[in-house]
Amino acid sequence: MATSAPPPPPPPPLAGPPAPDESIRVLLSLSRSLALLLALLAGVLFLVFLAFAVFNLLLGAGAGGIVVAIYCLASAVVNYVVWRELPGLQALAASRQYGLLRDHLIVWVVLGILFFVLVGVLLAVAWVKAELLLSPPPAPAAPSTAAPGGPPTCPRCGGPTTLVPEFQRYYCHRCGAYL
């Protein structure tokens, strides 16, 4: 039997996406910063619309701007409360208590969507990621073996594989990939 050239070394690991729990922490941190910024912006808008409503009342034009001013005040309060509560949620994410995190996030997702959508959307993405971390991982596809005790066959092409002792992995010459 002719021996073929040794297989090439495995490629270096690529810098992939961040781990799911790290992305949750980043989303919560970004949501917290954005909530504070939006709370300040809504507070300023409240003052502007309140002044506009008072000016209209003094001129006898009605109180049309008061509803917008009240919405801005509610938005400022909700975003401030979100900003105050997110460190507790960040602590849950850091301690990998994703069930509690998911349960607590749903309230803030709804409030965030009602008062300035962007914070709610970011929190909704964090909620989905926490939900995915709680679901069981898919069963890994085990390579099939040609014969009991023999080397496995390649799951992609079904061809024979060779054990490369240096890497403790099987290599498929047909696909040019490690299993």
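Other residues within the sphere of radius under 14 Å centred on the Cβ of Leu30, judged by their own Cβ, net out at +2 (K and R +1, D and E -1). With the convex hull of its Cα atoms as the shape, the range 20-134 has an orientation-averaged projected area of 6.4 nm².
When peptides 40-53, 152-165 are ranked by their average number of other Cβ atoms within 10 Å per residue, the highest-first order is 40-53, 152-165.
The numbers here are math on the coordinates, done by the rules we state, and not lab data. Being a predicted model, the structure only gives us computed values, none of them experimental. Because the Cβ atoms are built from the backbone with ideal geometry, glycine has one as well, and the counts that use them run over all protein chains shown.
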